[in-house]
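*Asks:* I have a structure I would like to understand better, so I am pasting it below and will then ask my questions one at a time.
The values are calculated or read from the model by the stated rules, or taken from the named source; none is laboratory data. Every value quoted in this text rests on a predicted model; they were computed, and no experiment measured them. We place every Cβ from the backbone using ideal geometry, glycine too, and count neighbours over all the protein chains shown. Accessible surface is based on the protein model in full, side chains and every heavy atom, while ligands, DNA and RNA are left aside. Shrake-Rupley method; radii C 1.70, N 1.55, O 1.52, S 1.80 Å.
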Amino acid sequence: MEACKGTILVVEDDKHSSDFLMANLISDGYEALVADTGRKAISTTADTLFDLILLDLGLPDIDGMKVLKSIREWSEIPIIIVSSRTEEAGKVAALDAGANDYIEKPFGNNELLARVRAAIRIYRKCWCSKVEVSDSFTNGALQIDYSKHRIAKDGQIIHLTPIEHKIVVTLAQNAGKVLTHDFILRRVWGDDYLSDGQILRVNVANIRRKLEDNPAEPQYILTEVGVGYQMAEPEGVGG
Ligand code: CA
């Protein structure tokens, strides 16, 4: 029998939705548990070691955003927001508050399982990399050596400005994760950063011209429209 892939907490008050999620997760080899209120979600997370939480934002007692913030006070467990709220502002707020990913209802089972797999894989990789700190990043032809401050493609050094370099390193150190505009601005420009998406867009456009084979169809630095950017994870990492 295949080993359990992980234990997932489904936070969802709508029975129809939670039945759908549970059935799909269990048939894919996960163990899963349902909490139908925000309070139960918080207390269950404190009691049990989960590998991931799927969190509905519209809960009957506490708003899902509050549940997210509360869990983030003590836990780094991957949290994927599952919500019918499609506004970009909600997405950005959830990611800024520490959500790892965001999936909009209605969604297909394959998309759900792919996002669950990715979030758990990144989390487990983080655990390992805390023991063995990685000093480089490689994705195909792109190589970043953090300690030598060197970024190369196909063995050729890519010349970036200090700001461009910081942006690439920030994205690479969080590869596979969507970083919001504000998160990147704060990391790169420091606490006095201005919430100015334009300056970031200009820098990313310049980086892509230097880094990507075709800047119009980037394969390394991906755009999450209205939310931020993400560095593509190397293929075949984890599993
Ligand atoms: Ca709901």
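*Asks:* Please list the three semi-axes, largest first and in whole Å, of the ellipsoid equivalent to the range 118-239, using sqrt of 5 times the eigenvalues of its alpha carbon gyration tensor. Don't jump to the answer; show the numbers that get you there.
*Replies:* Numbers: eigenvalues 90, 63, 44 Å².
Listed largest to smallest, the semi-axes of the range 118-239 are 21, 18, 15 Å.
*Asks:* Beta carbons within 10 angstrom, averaged per residue: use that to sort the peptides 88-99, 16-27, highest first.
*Replies:* 88-99, 16-27
*Asks:* Something else about it: Please give the per residue accessible area of the range 7-71, computed with a probe of 1.4 Å over protein heavy atoms only, in Å². It would help to have the intermediate numbers written out before the result.
*Replies:* Working: 2900 Å² over 65 residues.
Using a 1.4 Å probe on heavy atoms only, each residue of the range 7-71 averages 45 Å².
*Asks:* Using the charge dipole of the range 39-156 (Lys, Arg: +1 at Cβ; Asp, Glu: -1 at Cβ; taken about the Cα centre), state which of LEU54, ALA152, VAL92 has its Cα farthest towards the positive end.
*Replies:* Working it through, the farthest residue towards the positive pole turns out to be ALA152.
*Asks:* To the nearest 20 debye, what is the magnitude of the charge dipole of the range 141-209 about its Cα centre, counting +1 on the Cβ of each Lys and Arg and -1 on the Cβ of each Asp and Glu?
*Replies:* Details: 10 positive and 7 negative charges, 48 e Å.
Here the size comes out at about 220 debye.
*Asks:* Another question, if that's okay. About the Cα centre, and with charges only on the beta carbon of Lys, Arg (+1) and Asp, Glu (-1), how big is the dipole of the chain? Nearest 20 debye, please.
*Replies:* The dipole of the chain has a size of about 640 debye.
*Asks:* So, with a 1.4 angstrom probe, what is the percent of accessible area on the range 172-239 that is carbon and sulfur?
*Replies:* The C+S portion of the solvent-accessible surface of the range 172-239 is 45 percent.
*Asks:* On to the next question. What is the mean projected area of the alpha carbon convex hull for the chain, to one decimal in square nanometres?
*Replies:* On the way: hull surface 56.8 nm².
If you wrap the Cα atoms of the chain in a convex hull and average its projections, you get 14.2 nm².
*Asks:* Over the chain, calculate the relative contact order: mean separation of alpha carbon pairs under 8 Å at least 6 apart, over the residue count, as a percent.
*Replies:* Details: 350 pairs, mean separation 31.4, N = 239.
The normalised contact order for the chain reaches 13 percent.
*Asks:* If the cut-off is a Cα-Cα distance under 23 Å, which lysines reach LYS105, setting aside same-chain residues fewer than 8 apart in sequence?
*Replies:* Candidates past the 8-residue exclusion: LYS15, LYS40, LYS66, LYS69, LYS91, LYS177.
*Asks:* For the range 16-137, what is the charge dipole size about the Cα centre, in debye to the nearest 20, if Lys and Arg each add +1 at the Cβ and Asp and Glu each add -1 at the Cβ? Write out the running numbers ahead of the final one.
*Replies:* Values: 14 positive and 19 negative charges, 27 e Å.
Roughly 140 debye, rounded to the nearest 20.
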